[in-house]
Amino acid sequence: MSLPDVTGSLFADSRIRPALLRGRSPVRWGAYPPGVIPLTAAEPDFPGPQAVTDAMTAFLADGYFTYAPPEGFGELRETFSEVAKDRYGIDASPDRVVLTSGTSAALWGVVRMLCREGDECVLLDPVDLLFGQAIDAAGARRVYCPMDKTTGQLDPDRLASLISPRTALICLCNPHNPLGTVFTEETLRTVAEMAAARGIPILSDEVWNEIVYPPAVHVAMAGMETANRARIYTVNGLSKTFALPGLRIGCVIAPSTREAIDLQLTFERLGAAYSLTPFAQIGALAALRDGWPWRDAFLEHLREMRDYTVERLNAMPGISCGRPDGTYVLFPDVTATGLGSQAMTDLLLKEARVAVVAGTNEWFGPGAEGGIRISYATSRGMMKEALDRIERAVETLATLHG
């Protein structure tokens, strides 16, 4: 049964409550003074599925706040396993699913388990900062594989050239943050077979896998028949699909039960095995079982927002923005304005009262310079106001530079 006017009602301007969000979202709305529109953290401005709120409210109504088992609820691992098989083609039994307190913890756990001091880890450039942080924490060394920022594509041969005897892990992000690339099956298969020939495991962060715009199709690396399937660790979660970052629920689908046990032991050694709360897991179950109509409506809203935002940005002097196939972030190139990433970010905050993320080494690696990241997981009216402000600031800059 279709929901009447679901996109308009769930993602309308009236659904965004800046005053409330400033208190609830310390990394986004709460990080800036009133009047600033934050297009920074990839955190939607909308409430998640009502089924999640209802399930958690009912669970909390009796007033019991008990411990959860360190490995999480078996029912939740089973549900993640079913979703992985039905939606992504990853035939993983529940005992291969390791629950984590968010996808960032999942990345850290896998890297810590597989890498030692002095090892090398290949990661994409640019890419989200969490990969580099996890590699550093393990005492390993980052080896950047540059991506083509214009096309968003990865050259498997370039990646292969970076492999050395010290390479312990290859890290992928698909769909890619911040470029929005959804890698083709051909690219993924080439990387997987290359890694298999060298006996190197792959960490595939697929947390954005449900935010993909047709005709693009996400292909789960662990769902393909490749020689390296026995060495692929898939990371997933709920934050992007269902706008539930605060639940801190993620998972790793390990290559086998043995690796899943080792990963669970790694989390226990890190002191992170008891961080999954019972009510968060109840919310996760509700999302995975009943949240898909909400996700479908969200994706349609995001597609419209992507097209609108890309069109507006490309009409501004000195800005060039590709249209991503996935995620709800953009990474426009601003170098033609005469400003670098940080300078443009500072200008927009000061003159336009719009916050974006600078494409600096700190956030995305050395190859990110020249870009800024913009999240468009907001309403049409909010995005229009932000883009109007950006446009005025950029046009003023262009006038000053003659």
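The values are calculated or read from the model by the stated rules, or taken from the named source; none is laboratory data. Small disclaimer: the values here were computed from a predicted structure and weren't measured. No Cβ is skipped: glycine too gets one built from the backbone with ideal geometry, and neighbour counts run over all protein chains shown.
Out of the residues in segment 228-287 meeting the condition of being within 30 Å of Ala61 (Cβ to Cβ) and of a type in the set (D, E, K, R), tell me which one is farthest from the chain's Cα centre (by Cα).
So in segment 228-287, the residues within 30 Å of Ala61 (Cβ to Cβ) come out as 236-251, 272-287.
Now drop any that are not of a type in the set (D, E, K, R), which leaves 240, 248.
Values: Lys240: 6, Arg248: 13 Å.
For segment 228-287, the residue satisfying everything is Arg248.
Taking each residue of segment 108-125 that is over 20 Å from Ala160 (Cα atoms) and in the same structural domain as Gly250 (by TED's automatic domain parsing) and looking for partners that are small (Gly, Ala, Ser) and surrounded by fewer than 24 Cβ atoms within 10 Å (Cβ to Cβ) with beta-carbon atoms closer than 6 Å, six or more apart or interchain, yields Arg112/Ala138; Glu117/Gly139.
Here's the yes/no breakdown for (1) surrounded by fewer than 24 Cβ atoms within 10 Å (Cβ to Cβ); (2) under 26 Å from Thr40 (Cβ atoms); (3) in contact with a His (Cβ under 8 Å, 6 or more places away or on another chain); (4) of a type in the set (D, E, K, R):
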residue: Gly152; (1), (2), (3), (4): yes, yes, yes, no
residue: Asp157; (1), (2), (3), (4): yes, no, no, yes
residue: Ala160; (1), (2), (3), (4): yes, no, no, no
residue: Pro165; (1), (2), (3), (4): yes, no, no, no
residue: Ile170; (1), (2), (3), (4): no, no, no, no
residue: Pro175; (1), (2), (3), (4): no, yes, yes, no
residue: Val219; (1), (2), (3), (4): yes, no, no, no
residue: Asn228; (1), (2), (3), (4): no, no, no, no
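Taken as a whole, the structure places Tyr376 among residues that are over 18 Å from Lys149 (Cα atoms), of a type in the set (Phe, Trp, Tyr) and not assigned by TED's automatic domain parsing to the domain that holds Thr184. Hey, could you check segment 34-90 for residues that are assigned to a helix (DSSP H, G or I) and among the hydroxyl-bearing types (Ser, Thr, Tyr) and say which is nearest to Leu347 (Cα to Cα)? Among residues in segment 34-90 that are assigned to a helix (DSSP H, G or I) and among the hydroxyl-bearing types (Ser, Thr, Tyr), the one nearest to Leu347 (Cα to Cα) is Thr53. Across segment 173-187, the qualifying residues are those that are polar (S, T, N, Q) and assigned to a loop (DSSP other than H, G, I, E, B), and the one among them that is nearest to the chain's Cα centre (by Cα) is Asn177.
Among the residues of segment 16-46, what is the count of those that are farther than 18 Å from Thr327 by Cα and either in the same structural domain as Leu238 (by TED's automatic domain parsing) or out of contact with any Leu (no Cβ under 9 Å at 6 or more places or on another chain) (or both)? Final tally of qualifying residues: 17.
Answer yes if at least one residue in segment 256-275 is more than 20 Å from Ala105 (Cα to Cα) and touching a helix residue (DSSP H, G or I) at 6+ places or on another chain (Cβ under 7 Å), and no otherwise. No. Contact map, segment 180-201: residues that are more than 19 Å from Ser161 (Cα to Cα) paired with residues that are surrounded by fewer than 19 Cβ atoms within 10 Å (Cβ to Cβ), Cβ distance under 6 Å, separation 6+ or inter-chain. Pairs shown: Val182/Ala216.
Could you list, in sequence order, the residues of segment 131-159 that are among the basic types (Lys, Arg) and more than 19 Å from the chain's Cα centre (by Cα)?
Matches in segment 131-159: Arg141, Arg142, Arg158.
Scan segment 12-33 for residues that are outside any helix (DSSP H, G or I) and either over 22 Å from the mean Cα position of the chain (by Cα) or β-branched (Val, Ile, Thr) (or both) and report the count. The qualifying residues number 6.
Restricting the first member to segment 381-402 and to residues that are more than 14 Å from Met316 (Cα to Cα), and the second to residues that are part of a helix (DSSP H, G or I), the beta-carbon pairs closer than 8 Å and six or more apart or on different chains are Gly381/Asp13; Met382/Asp13; Met383/Met305; Met383/Tyr308; Met383/Thr309; His401/Thr337.
Yes or no, residue by residue, for (1) in contact with a Cys (Cβ under 6 Å, 6 or more places away or on another chain); (2) in the same structural domain as Met344 (by TED's automatic domain parsing); (3) more than 23 Å from Ala84 (Cβ to Cβ):
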residue: Gly250; (1), (2), (3): no, no, no
residue: Ile253; (1), (2), (3): no, no, no
residue: Gln264; (1), (2), (3): no, no, no
residue: Leu270; (1), (2), (3): no, no, yes
residue: Glu300; (1), (2), (3): no, yes, yes
residue: Met316; (1), (2), (3): no, yes, yes
residue: Ser320; (1), (2), (3): no, yes, yes
residue: Pro324; (1), (2), (3): no, yes, yes
residue: Thr327; (1), (2), (3): no, yes, no
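Take residues that are farther than 19 Å from Ala192 by Cα and tell me which of the helices (runs of 4 or more DSSP H) falling wholly in segment 98-162 contain 3 or more. Once the helices (runs of 4 or more DSSP H) in segment 98-162 are filtered for at least 3 residues that are farther than 19 Å from Ala192 by Cα, what remains is 103-114, 129-137.
Identification of helices (runs of 4 or more DSSP H) wholly contained in segment 336-402 with 1 or more residues that are among the small types (Gly, Ala, Ser), out of contact with any helix residue (DSSP H, G or I) (no Cβ under 8 Å at 6 or more places or on another chain) and farther than 18 Å from Arg28 by Cα yields 341-347.
I need the full set of residues from segment 255-287 which are outside any helix (DSSP H, G or I) and touching a Phe, Trp or Tyr at 6+ places or on another chain (Cβ under 9 Å), in order please. Pro255, Leu270, Ala272, Ala273, Tyr274, Ser275, Leu276, Thr277 - these are the residues of segment 255-287 that are outside any helix (DSSP H, G or I) and touching a Phe, Trp or Tyr at 6+ places or on another chain (Cβ under 9 Å).
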